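*Asks:* Have a look at the structure that comes next, please.
The values are calculated or read from the model by the stated rules, or taken from the named source; none is laboratory data. Source: prediction; values computed, not measured. Every residue, glycine as well, gets a Cβ built from its backbone with ideal geometry; the counts of neighbours run over all protein chains shown.
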Amino acid sequence: MGELTGAALGLFLAATLFQLVGASLLPMTRGMTAPWPSAAVFACYAVGLVCMARLVVSGVNLSLLIPIITLAIIVGSVIVGISVYGDSPSPTKLAWLGGAIFCMGVSFRY
């Protein structure tokens, strides 16, 4: 695995944020029928994927990158859903999310 440098951390944060913004804009696309929000979603995902590709080229293991960034986007999406879109998460959903975070944390240890 490549060394964790400031540039790698920056790329990770950029990839996460761009994909999170893309996911957060999805309701505004009205099923990809609104042109400008749809273009923004595609642009955000494209930039996020380019950042991920650069991370892989820099030596970050894909088997490490994908689970971590996926979990970060899921947790971020829950936060955006609650704070921006007024979603009300049930205790069951939050428990499943917490369980997933726990299991992923344990998996990195072994």
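*Asks:* One residue is enough: does the range 60-67 have a residue meeting the conditions under 23 Å from ALA7 (Cα atoms), surrounded by fewer than 12 Cβ atoms within 10 Å (Cβ to Cβ) and either without any contact (Cβ under 8 Å) to a residue 12 or more places away in the chain or touching a Pro at 6+ places or on another chain (Cβ under 7 Å) (or both)?
*Replies:* Yes - at least one qualifying residue is present in the range 60-67.
*Asks:* Let me ask something else about it. Which of the residues spanning the range 1-56 are basic (Lys, Arg) and surrounded by 19 or more Cβ atoms within 10 Å (Cβ to Cβ)?
*Replies:* Once the filter is applied, which keeps residues that are basic (Lys, Arg) and surrounded by 19 or more Cβ atoms within 10 Å (Cβ to Cβ), the range 1-56 yields nothing.
*Asks:* Tell me the residue from VAL80, VAL84, VAL57, VAL47 that is of a type in the set (Val, Ile, Thr), over 29 Å from THR5 (Cα atoms) and at pLDDT 90 or above, please.
*Replies:* VAL84
*Asks:* Within the range 62-92, which residues are closer than 17 Å to SER24 by Cβ, part of a helix (DSSP H, G or I) and among the small types (Gly, Ala, Ser)?
*Replies:* Taking the range 62-92 as the starting set, the residues that turn out to be closer than 17 Å to SER24 by Cβ are 69-87, 89.
Retained after the next criterion (residues that are part of a helix (DSSP H, G or I)): 69-83.
Within the range 62-92, ALA72, GLY76, SER77, GLY81, SER83 meet the criteria.
*Asks:* Here are some conditions: (1) among the small types (Gly, Ala, Ser); (2) closer than 18 Å to GLY76 by Cβ; (3) modelled with pLDDT under 95. SER63 meets all but one. Which one does it not meet?
*Replies:* (2)
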